[in-house]
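See below for the structure under consideration.
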Amino acid sequence: MSKTLTTAGGHPVAENQHSLTAGERGPILIQDTHLIEKLAHFNRERIPERVVHARGAGAYGTFTVTSDISKWTRAELFSRVGKKTPIFLRFSTVAGEKGSAETERDPRGFALKFYTEEGIWDLVGNNTPVFFERDPSKFPDFIHSQKRDPVTGYKNPKRMWDYWARSPEAMHQITILFSDRGIPDGYRFMNGYGSHTFSFWNRKGERFWVKFHFKSKQGIKNLTVARATELAGSDPDYATRDLFQAIERGDFPKWKVCIQVMPEAEASQYQFNPFDLTKVWPHKDYPLQEIGELELNRNPKNYFAEVEQAAFSPANMPPGIGASPDKMLQARLFAYPDAQRYRLGVNYQLLPVNRSLSPVNVYHRDGSMRFDENGTHDNYEPNGFGGPVQDSSVCEPPLALSGSANRYDQHKGNDDYTQAGNLYRMLSPEERDRLTTTIAGTMKGLEKGIVQPNLEHFVKCDPEYGAKIAEKLNMSL
Ligand code: NDP
């Protein structure tokens, strides 16, 4: 037998097909409070969509430790081989709105939430090991250049290349974006990266700088431009459905989890700033070390409740894992929780998908949508009620800082080209051909004043790289 329909207040509803009217032809009476509740709730079904990473899909799974790394970190989730931690992983595109096609050329978000016994750990990465920017003051400008023109309301490659002409630090990420990996075949056939440099610290108080890599066990698969374009029209939900259906049929996607580790003292001696988000650490200097496996094995029961309301913050780190001086990471420590407070409200961490499995003992009180017990008498500290107290045993080792407070020129002494060139030189002739054709395709018809400085950047990455793009644009260098 079906359940009885109720109002949000729990009262049985007598009539859900016809509004209450004065006479058969109307008008409608304001005392049809069920109709009013229905319309009012419907009007409020959407919450602000994320400004970036609006379009996404997610699933639950398990992280399993495969090698002992307790010498680097005291984090309990890594404490023994075989240990399992539940996780939630949200994939996304970046620039498109919530309903946009999932086969667009764009980086993909790879946002992981680990439900550890020491609180939530959010590792909010991408499918690329680097990013377009190294200084967060440029982030809103960069995103504006990728999004819709405020006058016309449509996206325009002129704005992208105009911005990049003045932003050579983006060359490495541009090369990845326009390579074959710029359009992954759904979310299962791509790698994930923590991208930033993070830190590990152990029980002896030693700190290590660390990068996280998630290598797809399904292998890398990309869509051709032609196929992606076709799918954007015929199947814009391609990636979400592919992920959901794979998990439904028990074909659980997996990633090999690896790290690169740098002892704290080496950072100042290294050939470049290891906290620069536009650069990778070459594997020959810092080899990948396998530490675990990630598996997705359970679909959410409700997209809005669990995927749309999933909220990630790189500031969520259990003892043993910490930040680094990476300027982009520093900004995200603020910007992510700030975005969630705006999007979902100040109590967003109480929502089931975001809630820590370990006890949460805070002195925060009240705020919109507070739906837990909201504490007792002790809403201040120190107190005589036996309320929660700090635990100095989880104190992060001190970090020595040096230098003058200043606004440093990000291009001074920084090599924006070599690593982009290394990637170009790694590609096969066919891959180079597709890369340069794609880049030239988006630049076609743009004025020389925008194209020329970009060509000069590509030449600095590799003379052949720039020459091939110029040739495909019928331009001389
Ligand atoms: P390696 O030869 O040791 O590593 C090359 C890496 O490049 C592999 O991890 C490979 O990933 C990845 N790769 C292959 N094709 C592409 C592509 N089209 N887009 C992005 N990544 C790709 O060399 P280095 O460590 O010295 O790095 C050389 C270049 O490789 C870098 O400049 C960087 O662009 C790229 N890279 C380096 C990474 C690093 O952490 N060192 C990570 C990812 C890319 P896979 O094994 O999955 O095929």
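One table, with the values for the structure above:
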quantity	calculated
So Pro274, is it away from the ligand (no atom under 16 Å from the Cβ) and in contact (Cβ under 8 Å) with a residue 12 or more places away in the chain	no
Any chance Lys221 is in contact with an Asp or Glu (Cβ under 9 Å, 6 or more places away or on another chain), within 12 Å of the ligand (Cβ to nearest atom) and either of a type in the set (Phe, Trp, Tyr) or within 18 Å of Leu89 (Cα to Cα) (or both)	no
Number of positions in region 167-181 that are within 11 Å of the ligand (Cβ to nearest atom) and either touching a strand residue (DSSP E or B) at 6+ places or on another chain (Cβ under 8 Å) or free of Cβ contacts under 8 Å to residues at least 60 places away in the same chain (or both)	2
Matching residues, region 37-62, being over 29 Å from Asp242 (Cα atoms) and surrounded by 13 or more Cβ atoms within 10 Å (Cβ to Cβ)	Glu37, Lys38
The lone exception for Lys215 - which of (1) outside any loop (DSSP other than H, G, I, E, B); (2) without any contact (Cβ under 8 Å) to a residue 40 or more places away in the chain it fails	(2)
Residue among Phe212, Phe200 that is within 16 Å of the ligand (Cβ to nearest atom) and either under 22 Å from the mean Cα position of the chain (by Cα) or in the same structural domain as Lys84 (by TED's automatic domain parsing) (or both)	Phe212
Test: residue in region 7-17 that is in contact with a helix residue (DSSP H, G or I) (Cβ under 8 Å, 6 or more places away or on another chain), assigned by TED's automatic domain parsing to the domain that holds Cys258 and over 30 Å from Phe142 (Cβ atoms)	no
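The values are calculated or read from the model by the stated rules, or taken from the named source; none is laboratory data. Being a predicted model, the structure only gives us computed values, none of them experimental. Ideal geometry is used to build each Cβ from the backbone, glycine not excepted, and the neighbour counts take in all protein chains shown.
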